[in-house]
Amino acid sequence: MNIRDFTRIFDRDVIFSNEITSHEISIIFPKELYDFTKIICEQSYESRGIMIAIKNQNFYHVQYIKNIGIGTATSTHVSQEKLDEVNNFLQKLDSNAVVIDWHTHTRETGETWFETFSGGDYKSLVNIVNKKPSRVHVLFTPTHILTWGISKPRFQILKQGNPRFYELFTYWQDLYNQDLVSRLETSNF
Ligand SMILES: [Zn+2]
């Protein structure tokens, strides 16, 4: 098994389509979040986070994205507090929901890294596949979007967008924030 064989590279110009068609596992990313993926790649630091998708046949329909850590030009740090927050959130998901990890390579990371995962990335992807073989990862860079997973997922964006996008996003956002809100309410502030 060569972990590098699970990578797929997409030029940002070719991910938009009028209809989604695939016999392979395909990540369908919301058009409404596309600008966000561009902006985070123009920062001076890398970011990482999670996405929540709903699985329907071969398609992972992404409905939510969360940034959980920022760092330096070449690495990110996620605080224990954020990890607890995320784990708490993930426990509330039902079996239809697919968790997709993501991180960025930015202008500052350097052009060499716009079309490839780093050695360090592959190291952590090995750990992930050993624990959760079905797990999928997405890398956003200024010019490309890379996917990684045993299923070698495709990455597509539907040109016309999704009229229910904001409703769905808000649902996940509220679910994520639920405990944070109740913690604030019960604290002594
Ligand atoms: Zn990386």
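None of the figures in this text is laboratory data; all of them are computed from the coordinates on show. All of these numbers come straight from a predicted model, not from anything done at the bench. A quick note on method: Cβ atoms are made from the backbone with ideal geometry, for glycine too, and the neighbour counts reach across all protein chains shown.
What to note about this one:
- Cα gyration tensor category, rounded, prolate or oblate, for the stretch 6-59 with a/c compared to 1.5: prolate
- Mean-square fluctuations from a GNM of the chain, with a 10 angstrom spring cutoff on Cα atoms, peak among Phe165, Phe59, Phe140 at Phe165.
- Electrostatic dipole magnitude of the chain [Cβ: Lys, Arg +1; Asp, Glu -1; Cα centre; debye, to 20]: 460
- Under 16 Å from Lys131, Cα to Cα: aspartates and glutamates that are on another chain or at least 8 residues apart: Asp101, Asp121
- Near Phe16, the amide H atoms lying under 5 Å from its own belong to Ile157; only residues 5 or more places off or on other chains count, and H is placed 1.01 Å from N.
- Farthest positive-ward along the stretch 7-184 dipole, Cα basis, beta-carbon charges - from Ile54, Thr76, Ser151: Ser151
- Those lysines that a straight Cα-Cα span of less than 18 Å connects to Lys159, excepting residues fewer than 8 apart in one chain: Lys31, Lys38
- Per-peptide average of other Cβ atoms within 10 Å, ordering 156-164, 48-56 highest first: 48-56, 156-164
- Eligible lysines near Lys132 by straight Cα distance, threshold 19 Å, same-chain separation 8 or greater: Lys55, Lys92, Lys123, Lys152
- GNM on the chain, alpha-carbon springs under 10 angstrom: the most fluctuating residue among Phe36, Phe16, Phe114 is Phe36.
- Screening the chain for whole DSSP H helices of 24 Å or more along their axis (Cα) with average Kyte-Doolittle hydropathy at least 1.0 returns none.
- Cα-based shape type of the stretch 7-184, given that a ≥ b ≥ c are square roots of the gyration tensor eigenvalues and the cut on a/c is 1.5: rounded
- Rounded to 5, percent antiparallel among DSSP beta bridges of the stretch 21-126: 85
- Counting 0.36 nm for each residue step from Lys131 to Gln173 and taking away their Cα separation leaves a gain of 12.4 nm.
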